[in-house]
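To start, the structure under review is shown below, and the notes come after it.
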Amino acid sequence: MKNLFLKATLGCVALMCTLEAHAKAPSLRIPLNVTGARPAALGGAFTAVADDQNALFYNPAGLARLDSSFVALADLGLSFSLGSGGFGSLMDDAGKVVETAKGVAGGSDTSKQIDGFSKIGEIVSSRTVSFGVKNQSYWVSPHWGLATTINMDAGLGVHSKVLPELADLAMLADLDSRFGYAHSFLDKKLHVGLAPYYKLRAQGGQANFSLAEAIEFEETVKSIVGVGQGVGVDLGLMVTPIEAMSPTFGLAILNVGDTKLYSAGKSIFSSVSLFKDAKESGTPDLIKQAVNVGFSLSPIDGAGFVRVSGELKEINRPSAGELKPAIGLEGGFRSRFVRAVADVGWGNGSWSAGFELRLLLKLRVSTYVEPNLFFDRRSNQRVWVLSAGL
């Protein structure tokens, strides 16, 4: 009886979120790097900065530039996005929904109520919603580091029409485990590093997610999600020719030669009932190689510091028109145990920002813009990240 009530409730919720059908499946675009709230706040201009645990993911050569150790058993991050347009657009849409809902609730004309529901659907369907949970454990010291990251993301694209289709649905679950080492040459002016990694990924999605599939959600997920595993390596180089203001050139070759994910068979995801038989539906796409080059400069460098950075991303893409520039600025106070830093950046054509406070407990808030994680709707979405760690 309880299960019947739950399914009926799900059905009612789905009916209230009536959606518009789309002809093509979700694009399932996954960003090349989804790790690190600080690099994201800098607009992604981190290849020539790389001076914390994020060096493992952006430029392993930066491990040679660390001056102390960083350890975290649980660095938990929560991220969410409510689509494009920022908070102003979101509040406008929320106001329209509330006003329309009041008219529907207070009216007695059935045709006007139907029109009201349709209007609400059109407002809601202009947005995609995504939510992510990430936990990272790491131990980095000068010249070396290791990290394990578990990341789970889900996305929902709401339609505006009535049954039978309700939404576009996509999901991603990642396990990334890596070790990095860097060595210094030429009296610590040149740093070279590499970071081999193992990645396990469950990924899938479906356009036109129907009411019947929503009721049988677990079985549907098993039919649309594939699980794959693969190994790869990131390479990095950093050059700081003089000490004054630390001008640094950075080069990172990520996912060298592309990383192909093979059928995983039994894996950590097999213990999750949602993914138990997902391996039968195939494997996720390969992870493409990216070549990034950057430059950074620290006009003020000490306990109080200011640093500017710039970067060109994915320069290995065939068209010069696809070059993706990014700039970043950060400053504040830092010591071995205390850190208070503010960041601002520009990347993907939009501004990003963040701040970090650290006194035993690390707290970071960041916001940045990226292309829709899962849906080919030709719009960007602003992502908000809250990260706390011990």
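The values are calculated or read from the model by the stated rules, or taken from the named source; none is laboratory data. Remember, it's a predicted structure, so these values are computed and weren't measured experimentally. Don't worry about glycine lacking a Cβ; one is built from the backbone with ideal geometry, like all the others, and counts go over all protein chains shown. With ligands, DNA and RNA removed, areas are computed over all heavy atoms of the protein, side chains included. Shrake-Rupley method; radii C 1.70, N 1.55, O 1.52, S 1.80 Å.
For the peptides 243-249, 224-230, 327-333, residues were scored by their other Cβ atoms within 10 Å and the scores averaged per peptide; the highest-first order is 224-230, 327-333, 243-249. Residues Phe185, Phe46, Phe70, sorted by accessible area with the largest first, give Phe185, Phe70, Phe46 [1.4 Å probe; ligands and nucleic acids excluded].
A simple spin-label model places pseudo-atoms 7 Å from Cα toward Cβ; at His143 and Asp187 they are separated by 2.0 nm. If you sort Lys288, Lys324, Lys313 by accessible surface, 1.4 Å probe, largest first, the order is Lys288, Lys324, Lys313.
Excluding ligands and nucleic acids, what accessible area in Å² is computed for Asp115 using a 1.4 Å probe, to the nearest 10? Probe radius 1.4 Å; accessible area of Asp115 about 100 Å².
With respect to the cross-link table entries Lys189/Lys324; Lys222/Lys362; Lys96/Lys313, which display a Cα-Cα separation exceeding 32 Å? Flagged as over cut-off: Lys222/Lys362; Lys96/Lys313.
Given the C-alpha centroids of segment 334-362 and segment 136-160, what is the distance between them in whole angstrom? Answer, in whole Å: 18. The heavy atoms of His183 present about 80 square angstrom of accessible area, all protein chains included, probe 1.4 Å.
With every protein chain in place and a 1.4 angstrom probe, the accessible-area ranking of Lys134, Lys199, Lys188, largest first, reads Lys188, Lys134, Lys199.
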